Structure formats: structure tokens, C-alpha cells
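Since every read-out is calculated from the coordinates, none of them should be taken as a lab result. Every value quoted in this text rests on a predicted model; they were computed, and no experiment measured them. Cβ sites come from the backbone with ideal geometry, for glycine too, and all protein chains shown count toward neighbours.
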Amino acid sequence: MTNAVLEKTVYVYNFDFLPDMRLTENKRKAQSTSYMSYHSMSTESREMWGWLFRHKRIPHFDVKVGLEWTIYFESWRSAYDPDNVALALKPVVDALKDVSVIRDDSGKYISHISYSVDIDKRKPDRTTLRIIVKE
């Protein structure tokens, strides 16, 4: 009997930005945001993140990858609910596809997407992306 070991490579990228929290469902309801204004905010967010991904020179992955996001806030009082973070990350994942980091955002190329919210009083308001490649 042999013990199989699943090898994986993890690429970690840090961004001094937060996803656009105006795109969360709670913000949309509170501000009565119209579909068109939501669409333009989403497009703006997608383009900004695409530029950031190109600037970091994130390589192209032609294999199935996992995407793990951590959003850091200064305190729990300023943090957003984790379920709202998911909506704000949609244009960010689309930007990965736009700049060809991933071929597509379907299950054929993404094994999982996870996100978490954490506190970092020393360096808040940032986003960490981990791209996990199983070999």
C-alpha cells in the first residue's frame, strides 16, 4: 500500500484595495441603486481589478485552480458580512477571466472559490488572493 500525496502550488498576491462594497446586496437596497448604476459600478470594479492583475503579472493558468480570498478590515465594527463579500467579488473573478489569468470562471477551470473576512489592525483595508494549483 502506498501513500499518495497530493502536491499543490500556492500563489499568493496581496492588494492594498478592497472589493467594491457598493456592489453588495445590502448597499444596493439601502441606496436604491438602479440596475444601470449597478452595472456601471460592476464594470468599473472589473476594469480596475483587471489592471491590478496585469500590474502584478499574475501568470495564465490553463489548469483547474482554486481561488481563496481574504478581506482584511481594521475592526469587526468596520467589517462587512462575509455573505456580502461574495457579491463584491463577482466582478473581481470576472476580471481574472478578462485578463486571461484563468480561461473561464466555470467549474471546468475553477475547483472552488472561498472567501473570508479577518481583522488586521496594523494593515487593514486590503485583499489577499491565493491561487491553488493541484498537481
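Identification of strands (runs of 3 or more DSSP E) wholly contained in the range 40-135 with 2 or more residues that are within 19 Å of residue 16 (Cα to Cα) and among the aromatic types (Phe, Trp, Tyr) yields 65-73. The residue of the range 86-117 that is farthest from residue 52 (Cα to Cα), among those that are surrounded by 18 or more Cβ atoms within 10 Å (Cβ to Cβ) and among the small types (Gly, Ala, Ser), is 88. Listed conditions (1) without any contact (Cβ under 8 Å) to a residue 60 or more places away in the chain; (2) within 16 Å of residue 15 (Cα to Cα); (3) in contact with a helix residue (DSSP H, G or I) (Cβ under 6 Å, 6 or more places away or on another chain) are all met by residue 91, apart from (1).
Between 115, 72, 80, which is in contact with a Phe, Trp or Tyr (Cβ under 6 Å, 6 or more places away or on another chain) and hydroxyl-bearing (Ser, Thr, Tyr)? Going through 115, 72, 80 in turn, the sole match is 115.
Any idea which residue in the range 39-85 is surrounded by the fewest Cβ atoms within 10 Å (Cβ to Cβ), counting only those that are more than 17 Å from residue 95 (Cα to Cα) and without any contact (Cβ under 8 Å) to a residue 24 or more places away in the chain? Per the stated criteria, the residue is 77.
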